[in-house]
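Quick notes on the structure that follows.
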Amino acid sequence: MSKLLVDLSASARNDVSRILQALATNKNVEIAEHLNVDASTLSRMKNDKKNNGLTEIESFCELLSCLGLKVVPKDYQSIDKERVAALLVMSKSWMNRIETVDDLFHDEISGQKEKLGY
């Protein structure tokens, strides 16, 4: 790894890795056609170092990092960290109340187990 690549932020390095892995698993010719560029242009974006010592992909990923953005797969969903923290607190509170398996069942249902098929 070049010294300049090491100077990329951790987020930018992760994004570069994700992009290069995705490019490695897809047909670059099809991607280049979709971008309306020659396949060699896409190859240069991945491999050719500019005067700042970074490839176009590395520079773009560092830009994203500076803006507080990152590259993630399309099927990922964003969940607010504060909402997850609140759910965790509620879950822990509920689980701390449970002492036995029987605490998971409501009393009104417990008397009807056979009727309900348990």
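The values are calculated or read from the model by the stated rules, or taken from the named source; none is laboratory data. Only a predicted model underlies this, so the values are computations on that prediction, with no experimental measurement involved. Please note: Cβ atoms are built from the backbone with ideal geometry, for glycine as well, and neighbour counts cover all protein chains shown.
A few points about this structure:
- One residue stands out among those in segment 102-112 that are modelled with pLDDT of 65 or more and in a helix (DSSP H, G or I): the one that is nearest to the chain's Cα centre (by Cα), which is LEU104.
- Test result for ARG44, of a type outside the set (Phe, Trp, Tyr) and within 22 Å of LYS74 (Cβ to Cβ): no
- Enumeration of residues in segment 74-97 that are among the charged types (D, E, K, R) and under 20 Å from the mean Cα position of the chain (by Cα): LYS74, ASP75, ASP80, LYS81, GLU82, ARG83
- LEU88 surrounded by 10 or more Cβ atoms within 10 Å (Cβ to Cβ) and part of a helix (DSSP H, G or I): yes
- Some residue of segment 91-101 being exposed (fewer than 12 other Cβ atoms within 10 Å of the Cβ), modelled with pLDDT under 95, in contact with a helix residue (DSSP H, G or I) (Cβ under 9 Å, 6 or more places away or on another chain) and farther than 30 Å from SER9 by Cβ: yes
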